[in-house]
Structures are given as structure tokens and as C-alpha cells.
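Okay, so here's the structure we're looking at.
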Amino acid sequence: MPENNKTIEYDALIIGGGIAGGEAALNLANVGYKVLIVEKDLSIGGKMILLSKVFPTLDCSACITTPKVSEIMRHPNITVFTSTQASNIIKKDDGTFEATITKQPRYVIAEDCTGCQLCEQACPVSVDDQFQYNLVGRKAAYIPFSIASPRIAAIDIANCTLCGACERACPTKCIDFTQTVETYSLKAKTVIIATGFQLFDPTLIPRYGYGKFKNVITAMQMERQLAPTRPFNTILRPSDGKMPDNIAYILCTGSRDKTVGNPICSQVCCMYSTKQAQLLMGALPMADITLYYLNIRAFGKGFNEFYAQAQAMGVQFTKGKVAKITEKENGNLLLRYEDINGGGVVKETEHDMVVLSVGILPNQGIAELFSNDELVLDPYNYIGQSDFLASPAQTSIKGVFVAGVASGPMDIPDSILSAGSASSDAANYIRHLNKKTVSV
Amino acid sequence: MKHKIGVYICHCGGNISDYVDVKRVAEEMAKIEGVEISVDTIFACADSSQKQIANDIKEKGIDGIVVASCSPKLHYPTFSSVAEHAGLNKYNYVHANIREQCSWAHSDNKPKATEKAIQIVKAAIARVKESEALETIEVDSQKIIAVIGAGVAGMRAADELADLGIKVYLIEREFFVGGRIAQLDYLCSTTETGKELVTRLYEKIMDNPNITLFTGAEVIEKKGSIGNFNLKVKITPRYIKNKCKKDELLKAIEVCPVEVLDEFNFGITKRKAIYKNFPSEYPQIPTIDSKNCTRCGECEKVCSSIDFSQKEEVLDLSVGSILVATGFDPYTPKENEFGWGIDNVVTLPQFRRIINMCDDKLVYNGKKIKHIAYIYCVGSRQVDGENKYCSRYCCTATLYTSILTKNKYKDVQSYHFTRGIRTYGKQEIVYDKSSRQGDIFLQSYEDEPPMIEQKKGKTIVKINDILTNKMELEVEADLVVLVTGIEPRKDTNISEVLKIPKGRDKFYNEIHMKLRPVETVIDGVTIAGACQGPKNIMESMNSALSAAAKSYSIVNKGKLNLPPIIAVVNKETCTWCNKCLDACPYDAISKISENGKDIAFVNESVCKGCGMCLPVCESDSLELLGYTNHEIENMIKALVD
């Protein structure tokens, strides 16, 4: 085990091991730079690895993410620290950076764990599974999810009762409760922020009843039900485990909505909802699917065609904002909305399951990671782009670049392009630093 | 002959195992002679499974592996490198596709799907038994990149690459740089104008000795392959000396008697045959448009910089990679489409030029403009036409134009005839602003577009409006602005030369829409900006820099490793019948003389291993490494047995 407060040195620090951070890392590593990815979660792959299929190609998301993820893990120029965060990032006078890297203990010796899951079977504690968006439970000793990378166990110490069952079950004796927080002093030449996004918390809109009405779920929960590593192997509504046959989507939940403090459009919800509707038509051939929308934003390559395809398949698109949901005794839900296309009147329609197409929001606390220089945010708390026309990845701190959704809502290809842009600028920054050092 | 083979059958998390009995497949394979291990796994691509395969190779001395999972397009590289890292030659790994070619295709018949999977894997085992260890081919790569198109995307990519120490040929067909963005003034969400952005980028590329800019330059031929492309570039002269006298040139423009429609202003003004599009345009030398010049000689009389003796040249350029950033054309409406042809109906790009040319009063054709009707989705999202796609940039561009117009000429009123506003992401704020300034929004039904008609000299726009419950509304417009979308370049010369495949929307196709958006199936050729699909400036820049990163990674080492799956000639039996030469789509085959005998020669850095030459060979003297006759025959035998 590395001793505490060891000094480590890399060309680039990448904060966030999602698809954007990973792509940026690969671009830099492929041209010979040494890269450290710090990922706060137990696995890299970000949100993309948890998705079902991607729009508009309907590629299986796990199948196209895992080759990328294993390429990242395998690359000789890339080091990945999971359960790890960077802080106290200081820009030095010579243009390089220093940071504190804090690695939380996994309580499992990573090198020895084979991912056999015997600890998981032995563990008596059940809690909500955050990687399945709380649809099912998991143990306190657990493998994050079946295609996690690294696919090794971790102990959720907050919920662990220290009963020792996992220790006894582990055939390689890799459970280690003596592990403590490890800190490193990092020197790096450039920093790329690829911290992604969080999903809007729909309990902030009480009139939709999320958390209160069982059959109101979020789109990410539906995404998990449709994924190859899905928890139920079919689509179920939570209240009674029935297969739903009349599903409603409420678009712009938490987006384009000043009352919840997010006036902008989340850019992906129209398409992911349209995609889910198409997948549901396959999974539940008899079900009716209705999307309640304000405007369908099918703007990207192949999107409008994909939207037309959903319409042709029989997905119902109803223009109107849902004002309120009420729950019936049988768990069905009544949606009250203005039917703009159908006479402009207020209507009530019954559905047996409602999916909230929640928007995306920036992750908080990124600016606070920087100690001496100010990392400027935009009015919506995304990382500000100081030259967004010519160098979209450039932030207010020279040498710090932003990739993916950390700079604003975007879909996967746009995240890949933004990561490419960040890596290009970062490579240039390193090269100029190196030149300077040589000339001195 | 391999006799310790590892076979791994993937469930693909149900994608395969829901239809194929993978356990049975694994059991059947275990019975085959030479198979050491045969197991099933939930996700063969998962890290732990990869580790397992590597361990088997190292610890059990496995000398060949078969992975039966999804399409090799997805995971061939994954398992190749597992093999390589574990010390097994990666050509001793054979992939069997039992998902796309089996479970997905036969989800209606599980027992037969399982039988088919067994056959597929059996054949793969037969092939791996005969597989040979092959070494990659190393070729030198030119550390030079050609960037085609000097719009903002091309210029930015060139600048980035040059900064990374790469020599760049920046090839622009027009005589001036900046592409479509040079035609724009104020840009959305910034204080910078299009011209200023172009100037900023131009100054940087001129400042960098690594960049050579060619204007009036067209790529007319491409030969060679990744690492070593040979381009022929035709340079059309400007007919003006490089060291020119500015005052005299201004006079020359003045005296030129030829007037043609000015494409830069989308035909709303005229220009001379000797011209510059705007005073600060780059390069700062005018050009003579040889198509329209009558050679009357008037300009020569007043200007000593004119030089009609300049000749067309063809340059040969060698480059390691080609970055294509050829941009787009704005859609041109068809006759009568939304009133096109009526004198106060213009396109959005024309309107942007009109605002640019009008100072304190908005006047067009001598008439003051107060009521402006914007018709959205002209040439995009067509119900009947070919363009089914959304042009992405236009909603925001139009709303921004409306805000600009309102700011500049206070008394205008804008009416937006939309099909649902698509101001995605932060651009939503532009929508909000235009709503707040009092713009009026109407929305038409998909199959009932707004109608534009002339009544007693007035232009009326009629709509069945969704937003007011199908009310039929009319707006009398002083000016109708058709919000024309983005189309692929009409000039398809470059795409024919480079042979980049196009999608249904006629934009260039990337390798993978989600994860590899700037690479193409032509190795070494990357695409950036709007030639791949509609984009705004920021998105184009991101794609330009991504393409730069990919092109850079191809050339930066000066060496490339190419796959050894290539055709080889049996010198003994080859009789040079010529057939392979015609069959090869990559010009990889040529005739050489050896020991007084003409035989075929395969250029290993150009050969792609497509196998087209094999079946036409009369003397059966060609073999494809990795797919030798012996391997294929063994596969067939396994299937027949």
C-alpha cells in the first residue's frame, strides 16, 4: 500500500472518469503524456455506462462504453484512482499545478479481489442500490455493478455493521478494515475538469408527487429497467409489480423552469425520452406511451429522423405542460394538463405509470477545488468558458480546461468532441510549458 | 497447430444468453480436441473477465483463444490487446460473432439459435488452430497534415496542429479565408463579430511558420494511404502580384466594367470582376474572378499590380493525415417555396447582410421595414422534400437576429412562424430574451406550413396556429425572412476525390456517431465542423480540435503500425495475369520484374486486406494473411464434419 502523503507526478490531472474525462485521457495518453484520472465514484464510466441504449443509433450503451473503459484501465500512460477526489489545486508561478489527492478506503485490497461476490452473498446488510437508482437493494459489501471498472468489491462503511461475515467469506482474504484515507501531493502540468452532471431532484416539484406516489419514477430509473444489466428483466411499476400498459413521460421536469432555478434546456431529455419510448414499444408491445412536451428538441445528427420514427411507431406526443399529478387508489395517476394541440383545453388523463424526464444540473463545489486562482462559473453554475468561440475548453485559469457536461448540457457525441477539444488544448499547454523549461 | 485453446462464450448480459444456451455451447466446445478451457461469462468485455483470459494465457499456457460475443467491430481491439498484454500474439485470437449474427437474428427460435452458435464457434476454433502469429507492419509517416477548408474550423485546427509542432498545409478553395463566418457580424452570446473571429484566427495562422496557406486551391487527386498520402492541388492564380499597390488596386476595382451578383452578400448586391468581399478581408489582396473577367484590360491601365501572365499550377503535396473541414452551404429555396421570388422575401443569411448594410434605418428595396415575419425550417425537417434533418443552428440564429434587429432599429416587430423552437441548452436564454422584447410566436402544424401570398401589393403570411387553438391568423409583413437551413456543400468534387462516405442526410459520415465523431472509414482522414452535420461555431471548434487531436496522434510519432492482414504473392506460381491489378480498390498492386519474370507486387502499407484480389487470381497465387486458404478450409471442414 502506498504510504501516506506520497508525492506523485503526472502530465495531466483529469477530474472525473466519465466518458468525457476518459476520452480526454486517452487522447493525451495516446500521444505519450502521463495522465491521472481521479474519480469520486467506485467505478469509472460515469453515467454513460449505466444507460440502456443510446439515441439515435440504439447501440447498447454498456457494449460501447466497456471497450472504452477497458482501454482506459489498460493504458500504460493512464492511472485511475477511484473513490478519490482532488482538492486544494494551486497554480504555481511556472504554470504547473499542485493538488491534494484524497483517496477514500475501499476496505478491500484491490489487487487481490477477484470479484467473486462471495462477500456480497455473505453480507447481511441491505440498503438501496444507488447504481440501480434505488430500484432494488444491495449489500454493504458489494460490487458496484456488474460491468463496473474496476470490477472489485467495496465496503460501504456508512452502512456496514462490522459483523465480519464478508471477511470470513472472502477466499482471497482481501477484506481489510484497517485501510485508512490515503493522501497524495500531486504535481501536474495541466488540469482537465470533466465532472459531468447530477440529475434534477424531482421532489423539488411536489405537485408531481415523486417520492410520494409510487408509480412516479425518474427517467434514470426507467433507463435502468431497460438496461442489459437491469434489475427485473422486465418493466415493472413499483406499487404492485404489474407490467404497466399506459406510460406517460413528463418532459422538462426541472429544465426550462425558473421556479426551480434552472431556466435552461437540458439538451438531452427530449431524445432520451423518445429513445425510451421506442425501447418500451419493444419491451411492452401492447403499452401506450405518451410524451407530454413543450417543444421536441430533436436537433442533432439523426435526431429529427429518430423523432419521426417514434411517431411512426405510435408513440403519442402531446404538447402541453403537466400541471399536477394525483394518485388514484389503484396506484394509477391522473395527469392534469393543457392540451395545446387538442383544443387548448385543460384535460385530465389517466396513466398507470409516470416517468419524469428530469433535467441535468452541474455538479457543485468544483470552483472551491481551486485555491489561489478563481475558476469562474457561468450564470447556471457550469464551468465558465473564457473563449467559447475559439477555444471552448479554456476556463478562466490558463492551463485548466473543461470537458463534457461540466461546461453545459450536452449529449455523448458533443461530450466526446468537447473532450477532444480539451485534450488538444491541454497537450498544447503542456508542450509550451515543456518548451519553456528547456529554454531555461 | 494450436492444441491448448481457450474458448470464452459471452452472455452479453442476456443479449446472447436470452436466446442462446451459452452453457451448452461452452460444454460442446470443451469436447473438441485441442480445447483446453471452455467457459461462459456474463460479460466477456468486463475487466474481471479480461483478467481471467489473461491469467489463463499466462498460467495455463493457452496458445490460441476464441471469444464468442458481439460483433468484432465492438470488441475485436479489446480482446486483441488482452492477448497481447498476456504475451499471446494477437493474431492467435479469433472472434466469433454470436450476437448480431446469431442471438439477435434468431430470437424467435432458441434451439436453432443455440445450434447455430455452436457451429459458429466450432468454425472459429478450427481457424484459430491453424492461425499464425503475425507481426504488425511499421511504416514511416509524414509529420505533415493537410487541412482542407480555411473556415473557422479549418483555421482553428491548423493553428492547433501547428502549435503542436506539426507542419500544416491549409488548403482553401476560395480566394479568401473565413468561410461562412466571415459573412457574419455579431455572433450570439459574445461581443465578438464573425469578422473579428476570422481576423483573430488568421493572424495566428500567419504568425505560425508551420502553416502554409494556399488560396484558390483545390485538391484534385488523392493517392496513397494513412501516413503517406499524396495530394495533387490545383492552384488558380489571383492575377495580382503578391507585392501589390493598394491605392492602385482600389482604382482597378473602380474602373472594372464587369458587374456580377455578389455571392458574399448572397446576391443582394453586385461586385466587380476584380474584387474583395469586404475591406478588411484576408488575405488582403483582391482577386480577379477569371470566369467573369472579360480581359478588357481596363484594370491594367490603372494598376501595375495586375498580372495576367500568372498561370494555373498543380502542386504535389505529401501528408500523413488529411483533416477535412469543408463546411456547408445555406439552403436555397425552390421557386415559390414560401413565396421565394417575391421581392420582399429574403433568406436569413441575406437578412444578416441587409442588417449589416443598413445603418440607422432598416430599409430593403427602398422600403422601410417594420414588420418582419420569420418562416422557420425552410429546407430543414421537410415533410415532402429530401432534407429530413433539423439544421440545429437556425432557431437560435433567428431569435438572436431578431434581438439584434430590435436593438438596432427600435420600432421593428418580429413574428416567428415556427415548428417548435429548438433553443437547446443555454441557448434557451436567447428564446427568453426575444419573448421578453415582445416578439410574437406562432406555430404551424407539420403538414400545414404557413402560406405566403401577395394581396394588392401587400405580402401576407397566413397560418393555422397551434398555439391559439388552430385559429387562422394573418400577418402583413414588410419583409419575410426564410430561415434557411444548412445543406452539405453543393460542390462534391472533394468528396469524390477523398471518397468519404456520406449519410442519408448527405453529410460526411463518421465511424461511430456516438464515440468516434471525427474519424472516417478512410484511415487517416478526419472530418471537422459542419461538413459532418449542422453545428454552431462552438460545436464546430470542438470538432475541429478533436479532429486535430486524432490527426495529430496519427502523425506525431513519425511511424505507424499497420495491421499485417494483407495479401501476399506466391512468386513461384504468379504469372502476372493482370487481374489483381484491376480488382484492387486501393492501388496497392503493381507489376514488378523478378528473375526475368513479371509478377505482382503488393504494397504493404497501402493494402487493406480486403481480399478482392484473391478470387480473381487465375493461378491461385495470392493469399490473405490471417485468412489463409488453409485456415478457411479448416473452418469449412469443421462445419461439414
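Among the residues here, residue A:285 does not qualify as open to solvent by less than 40 Å² (accessible area, probe 1.4 Å) and in a loop (DSSP other than H, G, I, E, B). Residues of region A:406-424 that are without any contact (Cβ under 8 Å) to a residue 40 or more places away in the chain and more than 7 Å from chain B (Cβ to nearest Cβ): A:407 alone.
Determine, yes or no, whether residue B:102 is in contact with a His (Cβ under 6 Å, 6 or more places away or on another chain) and either crowded, with 22+ Cβ neighbours inside 10 Å or more than 26 Å from residue B:563 (Cβ to Cβ) (or both). When the stated conditions are applied, residue B:102 does not pass them. When residues in region A:364-401 are screened for being within 23 Å of the chain's Cα centre (by Cα) and within 11 Å of chain B (Cβ to nearest Cβ), 9 of them pass.
Residues that are in a loop (DSSP other than H, G, I, E, B) and open to solvent by less than 30 Å² (accessible area, probe 1.4 Å) were ranked within region B:177-192; the one that is farthest from residue B:218 (Cα to Cα) is B:187. For region B:616-637, name all the residues that are open to solvent by 20 Å² or more (accessible area, probe 1.4 Å) and under 26 Å from residue B:92 (Cβ atoms). Selection gives B:620, B:623, B:625, B:627, B:629, B:630, B:632, B:633, B:634, B:635, B:636, B:637. Being more than 21 Å from the chain's Cα centre (by Cα), open to solvent by 50 Å² or more (accessible area, probe 1.4 Å) and without any contact (Cβ under 8 Å) to a residue 24 or more places away in the chain holds for only one residue in A:128, A:93, A:112, and it is A:93.
Applying the set (1) open to solvent by less than 10 Å² (accessible area, probe 1.4 Å); (2) within 14 Å of residue A:299 (Cβ to Cβ); (3) outside any helix (DSSP H, G or I); (4) in contact (Cβ under 8 Å) with a residue 60 or more places away in the chain to residue B:398 leaves exactly one unmet item: (3).
Checking each residue in region B:305-338 for being touching an Asp or Glu at 6+ places or on another chain (Cβ under 6 Å) and surrounded by fewer than 17 Cβ atoms within 10 Å (Cβ to Cβ) picks out only B:329.
In the set B:502, B:514, B:597, B:490, only one residue is at the interface with chain A (Cβ under 8 Å from one of its Cβ atoms) and charged (D, E, K, R); that residue is B:514. Kindly evaluate residue A:118 against the criterion of being more than 14 Å from chain B (Cβ to nearest Cβ), in contact (Cβ under 8 Å) with a residue 12 or more places away in the chain, open to solvent by 20 Å² or more (accessible area, probe 1.4 Å) and not acidic (Asp, Glu). Taking the combined requirement at face value, the residue does not satisfy it.
The conditions of being under 20 Å from residue B:127 (Cα atoms) and touching a helix residue (DSSP H, G or I) at 6+ places or on another chain (Cβ under 6 Å) are met by residue B:38.
In the set A:54, A:80, only one residue is under 22 Å from residue B:54 (Cβ atoms), within 24 Å of the chain's Cα centre (by Cα), at pLDDT 95 or above and open to solvent by less than 60 Å² (accessible area, probe 1.4 Å); that residue is A:80. Taking into account only those residues within region B:193-204 that are without any contact (Cβ under 8 Å) to a residue 12 or more places away in the chain and open to solvent by 30 Å² or more (accessible area, probe 1.4 Å), which is farthest from the other protein chains (Cβ to nearest Cβ)? Within region B:193-204, the match that is farthest from the other protein chains (Cβ to nearest Cβ) is B:203. Cβ-Cβ distance below 7 Å, separation of 6 or more or different chains: which pairs start in region B:425-442 with a residue that is within 11 Å of chain A (Cβ to nearest Cβ) and end on one that is open to solvent by 40 Å² or more (accessible area, probe 1.4 Å)? Close Cβ pairs satisfying both conditions: B:426/A:380; B:428/A:256; B:441/B:467.
Can you report the number of residues in region B:85-99 which are open to solvent by 40 Å² or more (accessible area, probe 1.4 Å) and either touching a residue at least 60 places away in the same chain (Cβ under 8 Å) or within 10 Å of chain A (Cβ to nearest Cβ) (or both)? Result for region B:85-99: 1. Is it the case that residue A:312 is open to solvent by 20 Å² or more (accessible area, probe 1.4 Å), under 30 Å from residue A:58 (Cα atoms) and at pLDDT 95 or above? Yes, satisfied. Note on region B:401-424: residues that are closer than 23 Å to residue B:485 by Cβ and either open to solvent by 20 Å² or more (accessible area, probe 1.4 Å) or more than 14 Å from chain A (Cβ to nearest Cβ) (or both) amount to 9.
Looking only at residues in region B:233-254 that are within 26 Å of residue B:219 (Cα to Cα) and not charged (D, E, K, R), the one that is modelled with the lowest pLDDT is B:242. Selection of strands (runs of 3 or more DSSP E) fully inside region B:209-269 by the criterion of at least 3 residues being open to solvent by 20 Å² or more (accessible area, probe 1.4 Å), more than 17 Å from residue B:326 (Cα to Cα) and not assigned by TED's automatic domain parsing to the domain that holds residue B:321 returns B:259-261. Among the criteria (1) over 17 Å from residue B:545 (Cβ atoms); (2) surrounded by fewer than 14 Cβ atoms within 10 Å (Cβ to Cβ); (3) more than 14 Å from chain B (Cβ to nearest Cβ), the one residue A:342 does not fulfil is (3).
Can you tell me how many residues within region A:313-334 are over 21 Å from residue B:420 (Cβ atoms) and either not polar (S, T, N, Q) or not assigned by TED's automatic domain parsing to the domain that holds residue A:260 (or both)? So the answer is 8. Of the residues A:199, A:226, the single one that is open to solvent by 40 Å² or more (accessible area, probe 1.4 Å) and either in the same structural domain as residue A:91 (by TED's automatic domain parsing) or touching a helix residue (DSSP H, G or I) at 6+ places or on another chain (Cβ under 9 Å) (or both) is A:199. Among residues of region A:375-399 that are of a type in the set (D, E, K, R), those with a beta-carbon under 6 Å from a residue that is not in a strand (DSSP E or B) at least six positions away or on a different chain give the pairs A:378/A:384. Inside region A:165-199, residues that are in contact with a strand residue (DSSP E or B) (Cβ under 7 Å, 6 or more places away or on another chain) and closer than 15 Å to residue A:38 by Cα make up a count of 14. Applying a threshold of 6 Å to beta carbon distances and a minimum spacing of six or more residues, or different chains, the list of pairs starting in region B:604-619 at a residue that is closer than 17 Å to residue B:522 by Cα and ending at one that is β-branched (Val, Ile, Thr) reads B:604/B:137; B:604/B:566; B:605/B:139; B:607/B:566; B:609/B:565; B:609/B:566.
Elements of the type strands (runs of 3 or more DSSP E) sitting completely within region B:479-544 and holding at least 1 residues that are over 21 Å from residue B:608 (Cβ atoms): these cover B:479-484, B:486-488.
The values are calculated or read from the model by the stated rules, or taken from the named source; none is laboratory data. Since the structure is predicted, the reported quantities are computational estimates derived from the model, not experimental observations. Counting neighbours? That spans all protein chains shown, and the Cβs are built from the backbone with ideal geometry, glycine included. Accessible surface is based on the protein model in full, side chains and every heavy atom, while ligands, DNA and RNA are left aside. Shrake-Rupley method; radii C 1.70, N 1.55, O 1.52, S 1.80 Å.
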